[in-house]
Amino acid sequence: MNYQQKDLVRIAKRENNTKRGYLVVDPLQGKHVPVEPSKALNLFKSLAEKLQGKYEGERLLLIGFAETATAIGAQAAITLGTKYIQTTREVIPDVSYLFFSEAHSHATEQKLVKDDIDRVINETDRIVFVEDEVTTGNTIMNIIRIIRREYQRKIKFAVVSLLNGMTEEYLKIYREEEIELHYLVKTDHSGYSAIAEKYHCDGLSIRAIQEDHTQEKLAVSIQDKIWNELPHIISIPGWMNARRFVDAKQYETACKKLAETVIAETSVKQGERVLVIGTEEFMYPALLTGQEIEKIGCDVRCHSTTRSPIAVSTEEEYPLHCRYELCSLYDPERKTFIYDLENYDRVIVMTDSALASLKGLETLIYALRMKNENISVIRWY
């Protein structure tokens, strides 16, 4: 499919971010906006096709950026049959990291598991970074410089992204560094801040946190029954953690087996309207599961919780209208969000959190129960 800017770009306003006032929201990506999972995965496959035949004979390692490009990177690596790892902001025990930063982001620290890069660097000819959008390329350049300094060997680099908004100044830097760029759509970000500023940002924002659930603070009528006990947590073995180095085809096989088990365990029925939710960086398994549920004749939507605090607005053309503030399933002290929840016949929450604390899950279930009753929780371990 030949994607255009109108297909992939909606402008939203970042909340309390002085570094960059706007956020590009992609309605097909399966992150902030509910989307049919097959549409998201087909988009990611189309991006991977930009690389097919480009680097014949080279051993590629694809690196997807947390949190929004983790599924894009996974699907691209699967399509190309390469090795894969994602960056992360989570804590992984007993490993060392390569640290770098994403200056404009709400959560600036990014890291790669150095132990895994050490293990595969001598079997890698080119590292390909996978992103949803590249605006300046500074973040990727940071990690390239760190890798060059750390490993002192000739490695080629490339970047593939759904959107590329780099100006000629930044494009020139990449040409001089011999870093190749591939993308689906070229964008001009110069007017995005002005677009973001014109929105009223008067949408409904709900704090789905138990100690604050009063009528005054939520500004909506909610019955106490929403705080019932949690749904039964279905724990499924076979977890492959893409924050660590994986063979992409083996990762796909593991995710498909997970999807089959989820369908069996939840007794999804043909014709149901189903929501599949991923948690933060854990996006690809949720999208793939959603696609498998589509195949049995269901109307499916996917999106995920996110660290991104985005303003919401009632205007029809604005991409996000209602926001739920949650605690993270990975760290109960961290704020996360989910946007534009709707009513479904069945909701399936999918996570690879250890759920050491249930506080985050409680807040997500609380938000979901405002409109949904049939909720399943899947933990992949």
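Taken residue by residue, segment 133-149 has at least one member that is of a type in the set (Ser, Thr, Tyr), open to solvent by less than 60 Å² (accessible area, probe 1.4 Å), in contact (Cβ under 8 Å) with a residue 24 or more places away in the chain and under 25 Å from residue 282 (Cα atoms).
Of the residues making up segment 370-381, those that are of a type outside the set (Gly, Ala, Ser) and either open to solvent by less than 60 Å² (accessible area, probe 1.4 Å) or in contact (Cβ under 8 Å) with a residue 12 or more places away in the chain (or both) are 370, 371, 372, 374, 375, 377, 378, 379, 380, 381. Condition check for residue 83 on (1) closer than 28 Å to residue 342 by Cβ; (2) crowded, with 20+ Cβ neighbours inside 10 Å; (3) among the basic types (Lys, Arg): one failure, at (1).
Note on segment 337-361: residues that are open to solvent by 50 Å² or more (accessible area, probe 1.4 Å) and under 21 Å from the mean Cα position of the chain (by Cα) amount to 2. When 76, 69, 107 are checked against the criterion of being at pLDDT 95 or above, open to solvent by less than 30 Å² (accessible area, probe 1.4 Å) and under 23 Å from residue 334 (Cβ atoms), a single residue qualifies: 69. Quick check: anything in segment 41-49 of a type in the set (Lys, Arg), in contact (Cβ under 8 Å) with a residue 12 or more places away in the chain and more than 30 Å from residue 119 (Cβ to Cβ)? Checked segment 41-49: no residue is of a type in the set (Lys, Arg), in contact (Cβ under 8 Å) with a residue 12 or more places away in the chain and more than 30 Å from residue 119 (Cβ to Cβ). Selection within segment 228-246: residues that are hydrophobic (A, V, I, L, M, F, W, C) and not in a strand (DSSP E or B). The member of this set that is least open to solvent (accessible area, probe 1.4 Å) is 242.
Contact map, segment 312-323: residues that are more than 14 Å from residue 11 (Cβ to Cβ) and surrounded by fewer than 21 Cβ atoms within 10 Å (Cβ to Cβ) paired with residues that are hydroxyl-bearing (Ser, Thr, Tyr) and modelled with pLDDT of 95 or more, Cβ distance under 7 Å, separation 6+ or inter-chain. Pairs shown: 321/313; 321/314; 322/339. When 367, 286, 356 are checked against the criterion of being of a type in the set (A, V, I, L, M) and free of Cβ contacts under 8 Å to residues at least 12 places away in the same chain, 356 stands alone in meeting it. The listed residues are 319, 309, and the only one of them that is of a type outside the set (Gly, Ala, Ser) and either modelled with pLDDT under 95 or within 16 Å of the chain's Cα centre (by Cα) (or both) turns out to be 309. Checking segment 24-43 against the condition returns no match, with no residue being surrounded by fewer than 17 Cβ atoms within 10 Å (Cβ to Cβ), among the acidic types (Asp, Glu) and either part of a helix (DSSP H, G or I) or touching a strand residue (DSSP E or B) at 6+ places or on another chain (Cβ under 8 Å) (or both). Residues of segment 44-66 that are open to solvent by 20 Å² or more (accessible area, probe 1.4 Å) and within 16 Å of the chain's Cα centre (by Cα): 45 alone. Kindly indicate whether any position in segment 14-21 is touching an Asp or Glu at 6+ places or on another chain (Cβ under 8 Å) and over 19 Å from residue 302 (Cα atoms). Looking for residues that are touching an Asp or Glu at 6+ places or on another chain (Cβ under 8 Å) and over 19 Å from residue 302 (Cα atoms), one finds at least one in segment 14-21, hence yes.
Restricting to segment 3-20, and then to whatever is modelled with pLDDT of 95 or more and in a loop (DSSP other than H, G, I, E, B), can you tell me which residue is surrounded by the fewest Cβ atoms within 10 Å (Cβ to Cβ)? Residue satisfying both the conditions and the ranking: 4. Is one or more of the residues making up segment 90-100 within 27 Å of residue 28 (Cα to Cα) and within 26 Å of the chain's Cα centre (by Cα)? Within segment 90-100, one or more residues are within 27 Å of residue 28 (Cα to Cα) and within 26 Å of the chain's Cα centre (by Cα).
Annotation note: of 225, 256, 198, 249, the sole residue that is modelled with pLDDT under 95 and either within 30 Å of residue 113 (Cα to Cα) or open to solvent by 90 Å² or more (accessible area, probe 1.4 Å) (or both) is 225.
Of the residues that make up segment 270-292, is at least one under 19 Å from residue 38 (Cα atoms), in contact with a Lys or Arg (Cβ under 6 Å, 6 or more places away or on another chain) and buried (at least 23 other Cβ atoms within 10 Å of the Cβ)? Among the residues of segment 270-292, at least one is under 19 Å from residue 38 (Cα atoms), in contact with a Lys or Arg (Cβ under 6 Å, 6 or more places away or on another chain) and buried (at least 23 other Cβ atoms within 10 Å of the Cβ), which makes the answer yes.
The values are calculated or read from the model by the stated rules, or taken from the named source; none is laboratory data. Since this is a predicted model, take the numbers as computed values, not measurements. Positions of Cβ are backbone-derived with ideal geometry, glycine not excepted, and every protein chain shown enters the neighbour counts. Note: accessible area is taken over every heavy atom of the protein model, side chains too, but ligands, DNA and RNA are not part of it. Shrake-Rupley method; radii C 1.70, N 1.55, O 1.52, S 1.80 Å.
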